Each structure stands twice: as structure tokens, then as C-alpha cells.
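Here's the structure, in C-alpha cells; my notes come after.
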Amino acid sequence: MKQLCKLIFLFVVGGILYAVIEILWRGYTHWTMAILGGMCFLVCGGLNEWLSWDTPLWIQALICCMAITAAELVAGLVLNVWLGLGIWDYNSLPFNLAGQICLGYSCLWYLLSIPAIVLDDWLRHRFFQEERPRYNLRFWKRRRR
């Protein structure tokens, strides 16, 4: 039950934060984006369940970026193409795929992934007594001599 409460809490936090960010960025959002944001927050935050704390933060952010971009593609194909809701359209942006994802927004997902990972870790530590977060900020491993 505690695990379910934790996941619901993190899902709601991620969904609300994503909806607020989208409203600030575009001026509006769609309720499905809060659901997508919550799911992506759970995935990004759950990385430390699968990866060690020694995994560089930039690699964690890259994995999150790829997961968010994949989720955005699937959501876009279902919501925009199949259901015709027209929530977003990236056709006018360079390097887009079917108007549902584009390189520019993938780069933004990368940048947003870093604070999302850190926020999730601290929420888990503060409210659910999980391990205190620590991060590997190195870009490469030092060679031993």
C-alpha cells in the first residue's frame, strides 16, 4: 500500500508540474498531457531503481529524454493521428517525425530531465525515507595511472 501511495503521489506531482510547464510555455494544455507528464516523471524518477548512483547524471538524463520522446511519439500517434485531437503538431518544425516529435523538443526534454530526476530523488528521500540522493556529475571516467 505504501508503494502504491508513493507512485500515486509522484505521478500527481509530475503530472501537475508538466501541465504547469506546458501552460507557461504554450499558454494552454490538454488533460492528457498531465497523464503523460505523470507517467514520464515516474519513468525518469525510477531510473535509480534500475541504475546505480554512480551512473553519470548526463546519461540518466539521456535515457529519460529518449523515454519521454518515445512516449510523446506514442501519445501523439494515438491522440493526434488516430483520435484526431490535434493537441500538438510539429510539422512546421525541423527534424520532425510525423509531426509528433522533433529534435528541438527532444533537446528540451533532455534539459528538463535533469531537474525532474533530482526532484524525484529528493521527494523519495524526504517523504518516503529512501536513500539520500547523490550524483555523478563527471562526463567521463578518470584513468588510473
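Extending 7 Å from Cα along the Cβ direction at HIS125 and again at LEU85 yields two label points whose distance is 3.5 nm. Remark: accessible surface ordering of VAL43, VAL81 (largest first) is VAL81, VAL43, probe radius 1.4 Å.
What 222 nm value per residue comes from the helices of the chain, counting each DSSP H run with n ≥ 4 as -39,500 (n - 2.57) and dividing by all residues, nearest 500 deg cm²/dmol?
Helix contribution divided over all residues of the chain: -21000 deg cm²/dmol.
Largest to smallest in accessible area, the residues TRP122, TRP53 fall in the order TRP122, TRP53 (1.4 Å probe, all protein chains included). Mean-square fluctuations from a GNM of the chain, with a 10 angstrom spring cutoff on Cα atoms, peak among GLN129, GLN100, GLN60 at GLN129. Which of the three applies to region 33-145, rounded, prolate or oblate, going by the alpha-carbon gyration tensor with a ≥ b ≥ c and a/c under 1.5 meaning rounded? Judged from the Cα gyration tensor, region 33-145 comes out oblate (a/c at least 1.5, b/c at or above a/b). Note: relative contact order over region 23-102, using C-alpha pairs below 8 Å and six or more positions apart, is 21 percent.
Taking every alpha-carbon pair under 8 Å whose residues sit at least 6 apart, region 59-145 reaches a relative contact order of 24 percent. Each Lys or Arg adds one and each Asp or Glu takes one away; over the other residues whose Cβ falls under 13 Å from the Cβ of ARG126, this sums to -1.
As a length-normalised measure over Cα pairs under 8 Å and 6 or more apart, the relative contact order of the chain settles at 23 percent.
The values are calculated or read from the model by the stated rules, or taken from the named source; none is laboratory data. What you are looking at is a predicted structure, and each value in this text was computed from that prediction instead of being measured. No Cβ is skipped: glycine too gets one built from the backbone with ideal geometry, and neighbour counts run over all protein chains shown. These area figures cover heavy atoms from the full protein model, side chains too; ligands, DNA and RNA do not enter into them. Shrake-Rupley method; radii C 1.70, N 1.55, O 1.52, S 1.80 Å.
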